[in-house]
Amino acid sequence: MATSTQIMNPSTEVLETAVTSVFQPGKLAVEVIPVDHDTNPTPPIPILIASPKDAGTYPVAILLHGFCLQNHFYEQVLRHIASFGFIMVAPQFHISIMAKGDTEDITAAAEVTDWLTKGLPSVLPKGVEPNLSKIALAGHSRGGHTAFSLVLGHGKTNLKFSALIGLDPVAGTGKYLQISPKILTYEPSSFDITMPVLVIGTGLGEEKKNILFPSCAPKDVNHREFYNECKAPCYYFVTKDYGHLDMLDDDAPKFMTCMCKDGNNCKDMMRRTVAGIMVAFLKAVLNEEDGDLRVILKDPKLAPTTLDPVEHRLA
């Protein structure tokens, strides 16, 4: 059951204007920067960065891609969030079609995090500085499992995270077929995580595309269980009419996106919904500006897509 939320400013017009803005691109120009092994200091794996161009100091968010996906498939989401004043860092894990444990990706994510201290300032636009005291970690699909695993202590970083986001996270193919490390316990609020957590799920992720492919976000190992095991404060939104890969750019290869049940509506609406909720959450946690998040919780119909259910626990 969602906890009631008090809105400090009673002006509906002002609140709706503030919230609507997060679902449209922000005011800042954005530069997308590929970082590979030719960069000094060299990152542990290739990275795609989306950064505001305007001089200033900005919080940082790391986005870990899903199984067998590419970081540039998320460019529209990365650009959208960066346009609100966040430096987005998207590593590219080594791709293998063989399903295996998550240890290698957890280690790589930790190494990328520690590379930020010396590596990130050297590749950003002139006058742009990262605020590494405010870092969020996000992950989509299996990347959500990677992100939660890292925060739960299955990897070590010198830098500390302030927020955690799971985008339709997946921990395996079934309750008894979790990938390693097996982090789901099926006990409410059992995650040893004290930072604020956002979980965004998809309504169609549990459904099979056809008889040939399994569901991409199976029951018992998807967004619902991740949220159930979070401690407060935590937030939960489900994009009711969209599927597991509908947040990817339109040019993501069809041979990959065809494996998951997808929605029939415009994918741009899905991307703007996911990115907008992430912006509202990041503003609340990293910038202490919680107006947008509170109003979305109060009136989810302001989002471009149907959000159902919408829940949060503050204590």
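The values are calculated or read from the model by the stated rules, or taken from the named source; none is laboratory data. All values derive from a computational prediction rather than experimental measurement. Please note: Cβ atoms are built from the backbone with ideal geometry, for glycine as well, and neighbour counts cover all protein chains shown. The accessibility values were calculated without ligands, DNA or RNA, using every heavy atom of the protein model including side chains. Shrake-Rupley method; radii C 1.70, N 1.55, O 1.52, S 1.80 Å.
Out of Lys301, Lys261, which single residue is within 25 Å of Cys230 (Cβ to Cβ), open to solvent by 50 Å² or more (accessible area, probe 1.4 Å) and more than 19 Å from the chain's Cα centre (by Cα)?
After ruling out the rest, the residue left standing is Lys301.
Would you be able to tell me the number of residues in the range 18-57 that are farther than 20 Å from His80 by Cβ, in a loop (DSSP other than H, G, I, E, B) and open to solvent by 20 Å² or more (accessible area, probe 1.4 Å)?
10
Being in a strand (DSSP E or B), more than 23 Å from Cys258 (Cβ to Cβ) and touching a residue at least 40 places away in the same chain (Cβ under 8 Å), is that true of even one residue in the range 139-161?
No; the residues of the range 139-161 include none that is in a strand (DSSP E or B), more than 23 Å from Cys258 (Cβ to Cβ) and touching a residue at least 40 places away in the same chain (Cβ under 8 Å).
Just to check your reading of the model, which residue among Ile277, Ile200 is open to solvent by less than 10 Å² (accessible area, probe 1.4 Å), at negative phi and part of a strand (DSSP E or B)?
Sole residue among the options that is open to solvent by less than 10 Å² (accessible area, probe 1.4 Å), at negative phi and part of a strand (DSSP E or B): Ile200.
All but one of (1) of a type outside the set (Val, Ile, Thr); (2) outside any strand (DSSP E or B); (3) open to solvent by 10 Å² or more (accessible area, probe 1.4 Å) hold for Ala109; state the number of the condition that does not hold.
Failed condition: (3).
On the basis of being in contact with a strand residue (DSSP E or B) (Cβ under 8 Å, 6 or more places away or on another chain), under 20 Å from Leu286 (Cβ atoms) and either surrounded by fewer than 24 Cβ atoms within 10 Å (Cβ to Cβ) or of a type outside the set (S, T, N, Q) (or both), does Phe161 make the cut?
Considered against the rule, which asks whether it is in contact with a strand residue (DSSP E or B) (Cβ under 8 Å, 6 or more places away or on another chain), under 20 Å from Leu286 (Cβ atoms) and either surrounded by fewer than 24 Cβ atoms within 10 Å (Cβ to Cβ) or of a type outside the set (S, T, N, Q) (or both), Phe161 comes out as yes.
Only one residue in Ala232, Ala252, Ala217 is modelled with pLDDT under 95, open to solvent by less than 70 Å² (accessible area, probe 1.4 Å), over 15 Å from the mean Cα position of the chain (by Cα) and among the small types (Gly, Ala, Ser). Which one?
Ala252
If I ask for residues that are touching a Leu at 6+ places or on another chain (Cβ under 6 Å) and charged (D, E, K, R), which ones from the range 36-79 would you list?
Asp54
Of the residues Pro125, Pro121, Pro169, which is surrounded by fewer than 22 Cβ atoms within 10 Å (Cβ to Cβ), in contact with a strand residue (DSSP E or B) (Cβ under 7 Å, 6 or more places away or on another chain) and part of a loop (DSSP other than H, G, I, E, B)?
Result: Pro125 is the single residue among Pro125, Pro121, Pro169 that is surrounded by fewer than 22 Cβ atoms within 10 Å (Cβ to Cβ), in contact with a strand residue (DSSP E or B) (Cβ under 7 Å, 6 or more places away or on another chain) and part of a loop (DSSP other than H, G, I, E, B).
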